[in-house]
Structures are given as C-alpha cells and as structure tokens.
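First the structure, in the form of structure tokens, and then the observations on it.
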2 protein chains.
Amino acid sequence: MRDDRFCNSNCPFTRAIGTIGNKWKPIIINVIGTRTIRFGQLDSIVPHISRKVLTEQLKELEEDGLLERFAYKELPPRVEYKLSEKGLAFLPILESIKEWNCKYEVAPIPGEAGKKSRVNYARMP
Amino acid sequence: MRDDRFCNSNCPFTRAIGTIGNKWKPIIINVIGTRTIRFGQLDSIVPHISRKVLTEQLKELEEDGLLERFAYKELPPRVEYKLSEKGLAFLPILESIKEWNCKYEVAPIPGEAGKKSRVNYARMP
DNA sequence: ATTTGTAGTTACCCAATGGTAACCAGAATA
DNA sequence: TATTCTGGTTACCATTGGGTAACTACAAAT
C-alpha cells in the first residue's frame, strides 16, 4: 500500500505522498493524536477498518518513523502505540486540512432531490 | 477512487480525506499550482499516470470544486484547467507537507548494502 | 476442562484499481 | 489521400486491495 515508485521519486513531495498519501494513514494518525493507544482501541475507533489492514498500516507508519510501538511481554499481550516526534509534527497539517475542508466544503442542501444528504456533524471519538 | 463511506462520514476530517486522500490528487494539485494548464501537459508532467486515471481524477477534482475546467470548441480541442479558490487554498497545505517531509525524512545512507538508495533531489518540473 | 481475551498472522477469495490499446471528431498538413 | 493532433471514451484484462474466517500463544477465570 506504499507506492514504491513514489517513495523512490527524486521529488521530496512525491516521496511524502508515497508515504502518507492513502486514505487510512491520515485517519489513523488523527485518531491517535497525542495519546498512547492500544491496538484494540484503534480497531474499534477507526471506522470500517479491518484488523489486517490496520496491522499493515501501523507497521508501515512505524517503519516510516511516524509511530512508536511498545510491546509488553504479557499474557494476554499488550501493545501500545504513540506518535513519534515526526508523527506529532504531522498533526498540525491534519488540523489545517480539517479547517480547509470546513471552510470550503459544499454542504448539500438538505432534502434536495437526487442527492443523498449527510446526517449531522458529530465529533469523532 | 473517492471513498463513499468516507465522503458520507459525519466527521469533516474524514470527509476531507475521502475527497483528497489518495495518491494522485495531491500530486496533480501540486503540479498545477497557480498556473493554467492543458490536459496534454498534465499527462506528460505527472509521472506514471495514465490518461484514463488522469481524466478520472480531474473530473473528481472539478466535481469537488477544487478545479475549474475550460473547454474551447476548437479543433483539435483544447481544454484548460486551473485551481479554484478552494484548490488554491489547498496549496499551502501541500507546501507544509513538503517541508515536513524534508525535515523528518530519513535519508538512506548512500551505498549502504541491501537498500536501494535514491539518486538525487532534482526539482519537479 | 473449557472459555475468554489480546494482538496478530495466514490462507482464501471477490471486488475494485488501473493499465493498454483501439476508437472518435474534424481541421490542418504533407 | 493519408497522417497528425487533442482530449477524451470504451472495452478488455491483469494486478492489487482488502474483507472474512480460522488459527496462534498462554494465562487467568469459570
């Protein structure tokens, strides 16, 4: 799910997109935020993701230095994740994407025919 | 290639990722920048993209209000694209991603065994 | 003795992504 | 007359993404 061609580009921006430019990683980074979180929590908080894909994404984020992983040799096992300095430095960017979207997103007119309208703007957990 | 579940989320951030959270759109927006550009130019500048995918991405970007399309009824046809206000407002975010990557990216040690090293850091056209 | 719980891994399979090549219009050019 | 040029669209096909379910280890609880 990392794009090797992008990651080996000679353009730093293209490489960045190769690293974090898919739909899951920004969501995961945003959900983690500044807290320490366990695998099971992520699995239940991130909407619609499967354990398999979550595992893959977390592994890549760790390899790319955005995430730190702490595995405790207990039973049942416990694994905790938190953002690294690099990952934390990415949070303001996500925040500005949020603001950008809120400012420019075209909200569908409620009840307009032929368009499925959104329900409400509740906050993410 | 837009993720409907994301786009219909009740979380504005998730919706934003549903809209621009794939590998091509940030690249395309970055390539266009502040200029007016023709389809054929984009096709030759954006690396590795096929005409089909480029067409789809441009159409979605237009539908999502990031891009304006001007088709001239000439022969051979001419179509020009430029970023809308919304699209232009996204450029600073891409710029900060670029800076973030340059600051935190772990450059491979040149000549290190077992790793394919990058060539050089030339500028994008 | 069996169940429960965590954090995965693996195999299997279907749906979606995306690439290639052919085709289009219609004027200009050779 | 045939070719070229542009900005697509379409059909076809291979690759990939990603979902589900089963399986793992081992301790603690029932």
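Potential lengthening of the chain between residue B:38 and residue B:95 amounts to 18.2 nm, from the contour at 0.36 nm per residue minus the alpha-carbon distance. For region B:1-90, the set of GluC sites (Glu not before Pro) satisfying both a DSSP loop assignment and a count of at most 15 other C-beta atoms within 10 Å is given as B:74.
Of the chymotrypsin sites (Phe, Trp or Tyr not before Pro) in region B:1-32, not one is in a loop by DSSP (not H, G, I, E or B) with at most 13 other beta carbons within 10 Å.
The count of lysine pairs in region A:4-104 whose Cα atoms are under 24 Å apart, excluding pairs fewer than 8 places apart on the same chain, comes to 20.
Sequentially through region B:39-46, phi angles give Karplus couplings (6.51, -1.76, 1.60; θ = phi - 60°) of 3, x, 5, 4, 4, 8, 8, 5 Hz, Gly and Pro residues having no value and appearing as x.
Heavy-atom accessible area buried between chains B and A is around 4400 Å² (1.4 Å probe, both sides summed). Accessible surface computed residue by residue for region A:4-104, with neighbouring protein chains in place and a 1.4 Å probe, gives 48 Å² per residue. Calculate the tail of P(r) for region A:29-89: the fraction of all Cα-Cα distances greater than 15 Å, expressed in %. The proportion of pairs with Cα distances above 15 Å equals 48 percent. Placing unit charges on each Cβ (+1 for Lys and Arg, -1 for Asp and Glu) gives region A:4-104 a dipole about its Cα centre, and among A:17, A:45, A:83 the Cα reaching farthest toward its positive end belongs to A:45.
Of the whole protein surface, residue B:11 contributes about 10 Å² of accessible area at a 1.4 Å probe radius.
The values are calculated or read from the model by the stated rules, or taken from the named source; none is laboratory data. None of these values were measured; they are calculated from a predicted model. FYI the Cβ positions are ideal-geometry reconstructions off the backbone, even for glycines, and counts take in every protein chain you see. Remember, those area values only see protein heavy atoms, side chains included, never the ligands or the DNA or RNA. Shrake-Rupley method; radii C 1.70, N 1.55, O 1.52, S 1.80 Å.
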